[in-house]
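The values are calculated or read from the model by the stated rules, or taken from the named source; none is laboratory data. A quick note: this is a predicted structure, and the numbers were derived from the prediction, not measured. A quick note on method: Cβ atoms are made from the backbone with ideal geometry, for glycine too, and the neighbour counts reach across all protein chains shown.
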Amino acid sequence: MSQVETADRATGPTAGGATGGALVRPQTVPGFLALFRSEVALTFRRVRTIALLAILAALPVLIGVVVKIETDGESGGGPAFVAQVTQNGLFLVFTSLALTLPVFLPMSVGVVAGDAIAGEASGGTLRYLLVAPAGRTRLLAAKFTAALAYCLVATVVIALAALATGAALFPMGEVTLLSGDSIGPGTALLRAVLVAGVVALSLAGLVAIGLFVSTLTGSGIAAMATTVVLVITVQILDSFPQLHAVQPYLFSHHWLSFGDLLRSSMYWDNVLQNLGLQALYVAVFGSAAWARFASRDISA
């Protein structure tokens, strides 16, 4: 962590953000919002975060170019998501989310969430935060909500990059859904917004897991690596038919359920099951993170 970030942490949030202003106590709602804004600002101005978002933005461009090259002079073919892209560039949004969600997007979230507490400890700024009247519970809540904000921003970055690439490489107009029905571009954009929101919320369980892992160690690199390895391991376990009994309880099992929203009549059963599972993971691992962090001895 940079010296500038350390200085910002030491001073804490002040009213109106002015230097030397009255201290806003994080025990109050305005104080928590100030703490949350501080966490979001620090998260998104880190070089690592900017690099992750740049990589995520480049992936839809790469996907669009590959699909364009492979389908020039050909008609149809390929998986449902990819085949639809050639007919309408707006569908590249859904394709990009479907292709990045299993690995690239959750890995970037794992890096941000895993570094939340452990990064502060290894950078020597955690003591400043706890000496200030922030409170461990409110600090943990601010870290969690800031990581959720990253989930939303990362998802939107992918969607916008895919939309721009799709408009540049493919025709735009009515979108043919997976059910075979067509909808206008305005309705399709609303579906895209809805899908992006579902995808962002689908990562909430992973955020809670990463936050819990982050409270177990004082090394940011170890916490990030552990969370990323966990994502990969769960994805592998979800691919074995022999584990079908436990797979519905894995946090990643229902991630692609947003495909049910790309039908003429949207099916919400799997989507709600996914969001309910994420809420369960947030409750369990959020509580575990709080219990660990509340009793943790911060000596460095």
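List every residue pair whose Cβ atoms sit under 6 Å apart, with the two residues 6 or more apart in sequence or on different chains, where the first one lies in the range 45-63 and is over 19 Å from residue 91 (Cβ atoms) and the second, anywhere, is in a helix (DSSP H, G or I).
Between residues of the range 45-63 that are over 19 Å from residue 91 (Cβ atoms) and residues that are in a helix (DSSP H, G or I), the close pairs are 49/43; 52/108; 53/157.
When you look at residue 229, is it part of a helix (DSSP H, G or I), buried (at least 21 other Cβ atoms within 10 Å of the Cβ) and not small (Gly, Ala, Ser), yes or no? So that I can check it myself, show each step before the final result.
Details: part of a helix (DSSP H, G or I): yes; buried (at least 21 other Cβ atoms within 10 Å of the Cβ): no; not small (Gly, Ala, Ser): yes.
No, not satisfied.
Kindly provide the set of residues from the range 91-112 that are buried (at least 24 other Cβ atoms within 10 Å of the Cβ), more than 20 Å from residue 149 (Cβ to Cβ) and of a type in the set (Gly, Ala, Ser), ordered by number.
96, the sole residue that qualifies.
Taking the condition of being closer than 24 Å to residue 35 by Cα and small (Gly, Ala, Ser), how many residues in the range 136-185 meet it? Don't jump to the end; show me each part of the working.
Here is the first cut: in the range 136-185, the residues closer than 24 Å to residue 35 by Cα are 136-156.
Subsequent filtering for residues that are small (Gly, Ala, Ser) retains 141-142, 146-147, 149, 154.
Total meeting the criteria: 6.
May I ask you to say which residue of 35, 62, 56 is at pLDDT below 90 and not acidic (Asp, Glu)? Lay out the reasoning, then the answer.
On the way: 62 fails: at pLDDT below 90; 56 fails: at pLDDT below 90.
Sole residue among the options that is at pLDDT below 90 and not acidic (Asp, Glu): 35.
For (1) at pLDDT 85 or above; (2) over 22 Å from the mean Cα position of the chain (by Cα); (3) over 15 Å from residue 62 (Cα atoms), each residue gets a yes or a no:
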| residue | (1), (2), (3) |
| --- | --- |
| 99 | yes, no, no |
| 106 | yes, no, yes |
| 127 | no, yes, yes |
| 135 | no, yes, yes |
| 141 | yes, no, yes |
| 147 | yes, no, yes |
| 159 | yes, no, no |
| 166 | yes, yes, no |
| 179 | no, yes, yes |
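Return yes or no: is residue 223 outside any loop (DSSP other than H, G, I, E, B), at pLDDT below 90 and within 25 Å of residue 112 (Cβ to Cβ)?
Values: outside any loop (DSSP other than H, G, I, E, B): yes; at pLDDT below 90: yes; within 25 Å of residue 112 (Cβ to Cβ): yes.
Spelling it out, residue 223 is indeed outside any loop (DSSP other than H, G, I, E, B), at pLDDT below 90 and within 25 Å of residue 112 (Cβ to Cβ).
Which residue is nearest to the chain's Cα centre (by Cα), if the candidates are limited to the range 73-97 and must be small (Gly, Ala, Ser) and at pLDDT 75 or above? Walk me through how you get there before you give the answer.
Here is the first cut: in the range 73-97, the ones small (Gly, Ala, Ser) are 73, 75-78, 80, 83, 89, 96.
Right, trim to at pLDDT 75 or above and you get 89, 96.
Numbers: 89: 24, 96: 14 Å.
Per the stated criteria, the residue is 96.
Taking only pairs six or more apart or across chains, which ones have beta-carbon atoms under 7 Å, a first residue in the range 211-236 that is more than 10 Å from residue 106 (Cβ to Cβ), and a second residue that is among the aromatic types (Phe, Trp, Tyr) and assigned to a helix (DSSP H, G or I)?
211/144; 212/285; 215/293
May I ask you to verify whether residue 207 is assigned to a helix (DSSP H, G or I), at pLDDT 90 or above and within 11 Å of the chain's Cα centre (by Cα)?
On the way: assigned to a helix (DSSP H, G or I): yes; at pLDDT 90 or above: yes; within 11 Å of the chain's Cα centre (by Cα): yes.
Yes; evaluated as a whole, the condition is true for this residue.
Among the residues of the range 145-201, which ones are among the hydroxyl-bearing types (Ser, Thr, Tyr) and either part of a helix (DSSP H, G or I) or on the phi > 0 side of the Ramachandran plot (or both)? Don't jump to the end; show me each part of the working.
Step one: filter the range 145-201 for residues among the hydroxyl-bearing types (Ser, Thr, Tyr), giving 145, 150, 155, 165, 176, 179, 182, 187.
Within the range 145-201, 145, 150, 155, 165, 187 qualify.
Of the numbered conditions (1) buried (at least 16 other Cβ atoms within 10 Å of the Cβ); (2) touching a residue at least 12 places away in the same chain (Cβ under 8 Å), residue 167 fails exactly one; give the number of that condition.
(1)
Return the total of residues in the range 242-273 being in contact with an Asp or Glu (Cβ under 8 Å, 6 or more places away or on another chain), within 17 Å of residue 178 (Cβ to Cβ) and of a type outside the set (Phe, Trp, Tyr).
Applying the first criterion (in contact with an Asp or Glu (Cβ under 8 Å, 6 or more places away or on another chain)) to the range 242-273 yields 247, 250, 252-253, 260, 263-264, 266-271.
Filter once more, so that each one left must be within 17 Å of residue 178 (Cβ to Cβ): 260, 263-264, 266-271.
Still in the running and of a type outside the set (Phe, Trp, Tyr): 260, 263-264, 266, 269-271.
So the count comes out to 7.
Is one or more of the residues making up the range 252-275 under 24 Å from residue 145 (Cβ atoms) and in a loop (DSSP other than H, G, I, E, B)?
yes
Go through (1) at pLDDT below 90; (2) more than 25 Å from residue 97 (Cβ to Cβ); (3) assigned to a helix (DSSP H, G or I) for residue 217 and report which single condition fails.
Answer for residue 217: the failing condition is (3).
Somewhere in the range 109-124, is a residue polar (S, T, N, Q) and either at pLDDT 75 or above or not in a helix (DSSP H, G or I) (or both)?
No, the conditions are met nowhere in the range 109-124.
Could you list, in sequence order, the residues of the range 107-123 that are farther than 12 Å from residue 289 by Cβ and not polar (S, T, N, Q)?
First, the residues of the range 107-123 that are farther than 12 Å from residue 289 by Cβ: 107-112, 115, 119-123.
If the condition is that a residue be farther than 12 Å from residue 289 by Cβ and not polar (S, T, N, Q), then 107, 109, 110, 111, 112, 115, 119, 120, 121, 123 are the ones that fit.
Among the residues of the range 227-284, which ones are under 28 Å from residue 115 (Cβ atoms) and in contact with a His (Cβ under 8 Å, 6 or more places away or on another chain)?
The answer is 238, 274, 277.
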